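Asks: Dumping the structure here so I can ask a few things about it.
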Amino acid sequence: MIIEPRTRGFICLTAHPKGCEQNVLTQIEYIKERPVTNGPKKVLVIGASTGFGLASRITAAYGSNAATIGAFFEKPPSEGRTASPGWYNSAAFEAQAHKDGLYAKSINGDAFSNEIKTQTIDLIKEDLGQIDLLIYSLASPVRTHPDTGERFKSVLKPIGKTFTDNTVDFHTGEVKEISINPAEGDDIKNTVNVMGGEDWQMWIDQLKAAGVLSEDFKTVAYSYIGSSLTEAVYRKGTIGAAKDDLEATAFKITDTLKGVNGQAYVSVNKALVTQASSAIPVIPLYISLLYKVMKEEGIHEGCIEQIERLFNARLYAENLELDEAGRIRIDDWEMRDDIQAKVLELWKQATTETLPNIGDLKGYETDFFNLFGFKVDGVDYDKDTNEMVDIPGLQA
């Protein structure tokens, strides 16, 4: 079939297998040139199919020849209907990994559930024995608690008062004002239950109880802080409450890992175009301005560059630097005073008319479509493409 992008708001309803494959291969080639000294050898990535999770799996596999297990929740293809992009990403990664002699298997299902945790533990026991790194990169708007069955839904809301500022529709380029009503009722609690640290802790507790964590085991979850421009709706909003909980959980997990000399970290990453960030009001405008500034300074990074730097310059470096709150910071370039000052000045100038010149809306749009395998260099989109792609190492 000829596969074209079909969008609805911040979601693309189709994905291109060849475009996704090319994205994965480009990331693999990047990491091949940047090996990770003393890196991990047996790795589990929760949320392994897109964004930072996918980049983490690629970096572990091709940076230090690690065996990787990926857990994710993706939609498979059916005749005449494409899979979700994470499905095609995982298929491309595993096909190449197997070709290159690397162990790579995947589990598709609800990572919040006890069933997927048990299936993953069984696979680790059978194939790897133990793991030395767990990356927690799960992004989901809803969670069903595995023990109580209660269903929680996260919300993107400020706390305390209505938030009003500009955003941009990256499809049309229109800069417009948006207002978001504050959290009410159980909004904060529900968001923390979905995006906070409880599930990460549950994974570690069950893996530890099963005896599948090696000595000197590490685990890393991903977070974001961001600019003063976005803090009302992000870091000081409902999502920020969840991130605070996630970061506090790192210390609790470290306490539980003393028996294996283990350590839990939160890595604060930079703002990037992801399926999750595209849904957050104000973020598209902020990112389009940030991209412009960071590219002009020669310090722009995508997911794979961020995670390579996390592994090589932080996690497996001789000395791991942490901030005053005990976090790894690879958002350091984004948060430089000079970068933020330039973005703030551009923000004041941003209108529908000025944004094409002062921002990088084209870069934002390209990155968005790249997430779904579209607008990728070297891909012939006029060519008939088979949507029915299997993931070689997918476990039943």
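Please treat every number below as a calculation from the coordinates, not as lab data. Given the structure is predicted, the values throughout are model-derived calculations rather than measurements. As a convention, Cβ positions derive from the backbone with ideal geometry for all residues, glycine included, and neighbour counts pool all protein chains shown.
Asks: My understanding is that a pair violates if its Cα-Cα distance is over 27 Å; which of Lys362/Lys383; Lys32/Lys295; Lys218/Lys342 do that in this structure? Numbers along the way, then the final one.
Replies: Values: Lys362/Lys383 25 Å; Lys32/Lys295 24 Å; Lys218/Lys342 37 Å.
In this structure, Lys218/Lys342 exceed 27 Å between Cα atoms.
Asks: Mind checking the dipole of the chain: about its Cα centre, +1 per Lys or Arg Cβ, -1 per Asp or Glu Cβ, Debye to the nearest 20?
Replies: 320 debye
Asks: Taking the Cα centre of the range 194-275 as origin and charging only Cβ (+1 Lys, Arg; -1 Asp, Glu), how large is the dipole, in debye to the nearest 20? Could the numbers behind the result be given before it?
Replies: Working: 8 positive and 10 negative charges, 43 e Å.
The calculated dipole for the range 194-275 is roughly 200 debye.
Asks: Another question, if that's okay. To the nearest 500 deg cm²/dmol, what mean residue ellipticity at 222 nm is calculated for the chain from DSSP H runs of n ≥ 4 alone, each contributing -39,500 (n - 2.57), summed and divided by the residues?
Replies: Details: 12 runs with 145 residues, N = 396.
Value at 222 nm, helices only, nearest 500: -11500 deg cm²/dmol.
Asks: Of the listed pairs Lys42/Lys117; Lys236/Lys270; Lys41/Lys99; Lys105/Lys189, which have alpha-carbon separations greater than 25 Å here?
Replies: Check vs 25 Å cut-off fails for Lys105/Lys189.
Asks: Counting other Cβ atoms within 10 Å of each Cβ, which GluC sites (Glu not before Pro) in the range 8-74 have at most 11 and sit in a DSSP loop?
Replies: In loop regions of the range 8-74 (DSSP not H, G, I, E or B), the sparsely surrounded GluC sites (Glu not before Pro) are Glu33.
Asks: A follow-up question, please. Can you find, among Ile28, Met335, Phe251, the residue farthest towards the positive end of the dipole of the chain? Put +1 on the C-beta of Lys and Arg, -1 on that of Asp and Glu.
Replies: Checked the options; the winner is Phe251.
Asks: Pick out, in residue order, every one of the trypsin sites (Lys or Arg not before Pro) in the range 19-116 that is DSSP loop and has at most 13 other C-beta atoms within 10 Å; say none if there are none.
Replies: none
Asks: Anyone know which of Phe372, Phe73, Phe52 comes out most mobile in the 10 Å Cα GNM of the chain?
Replies: Phe73
Asks: In addition: Which of rounded, prolate, oblate describes the range 85-128, given a ≥ b ≥ c as roots of the alpha-carbon gyration tensor eigenvalues and a/c under 1.5 marking rounded, otherwise prolate only if a/b is larger than b/c?
Replies: It comes out oblate by the Cα gyration axes.
Asks: Ordered by residue, what ³J(HN,Hα) values in Hz, to whole numbers, does the range 23-38 give under the Karplus form 6.51 cos²θ - 1.76 cosθ + 1.60, where θ = phi - 60° and Gly and Pro are x?
Replies: With the stated coefficients, the range 23-38 comes to 4, 5, 5, 5, 5, 4, 4, 4, 6, 4, 8, 9, x, 9, 5, 6 Hz.
Asks: Let me ask another. For the range 168-200, which GluC sites (Glu not before Pro) pass both filters: DSSP loop (anything but H, G, I, E, B) and at most 14 other C-beta atoms within 10 Å?
Replies: Glu184
Asks: Can you give the net charge of the other residues whose Cβ lies under 14 Å from the Cβ of Gly51, counting K and R as +1 and D and E as -1?
Replies: Counting the neighbours of Gly51, the net charge comes to -2.
Asks: Taking percent of Cα pairs over 32 Å apart as the quantity of interest, determine which of [x] 49; [y] 32; [z] 36 was computed from the displayed structure.
Replies: [y]
Asks: Moving on. Quick check on the exposure proxy: order Ser154, Ser278, Ser56, Ser49 from fewest to most C-beta atoms within 10 angstrom.
Replies: Going from sparsest to densest Cβ surroundings: Ser278, Ser154, Ser49, Ser56.
Asks: Report ³J(HN,Hα) in whole Hz for each residue of the range 357-364, in order, from the Karplus equation J = 6.51 cos²θ - 1.76 cosθ + 1.60 where θ = phi - 60°; Gly and Pro get x.
Replies: Taking θ as phi minus 60°, the curve returns 8, 9, x, 10, 5, 5, x, 4 Hz for the range 357-364.
Asks: Quick one: net charge of Gly197's neighbours, Cβ under 10 Å, K/R +1, D/E -1?
Replies: Value of the local net charge: -3.
Asks: Give me the extension gain from Asp127 to Glu33: residue separation times 0.36 nm, minus the current Cα-Cα distance, reported in nm with one decimal. Intermediate values should be presented prior to the final figure.
Replies: Values: separation 94, 0.36 × 94 = 33.84 nm, distance 2.82 nm.
Roughly 31.0 nm would be gained on extension.
Asks: Could you give the size of the charge dipole of the range 153-303 about its Cα centre, using +1 on the Cβ of each K and R and -1 on the Cβ of each D and E, expressed in debye and rounded to the nearest 20?
Replies: Numbers: 15 positive and 20 negative charges, 8 e Å.
Dipole size: approximately 40 debye.
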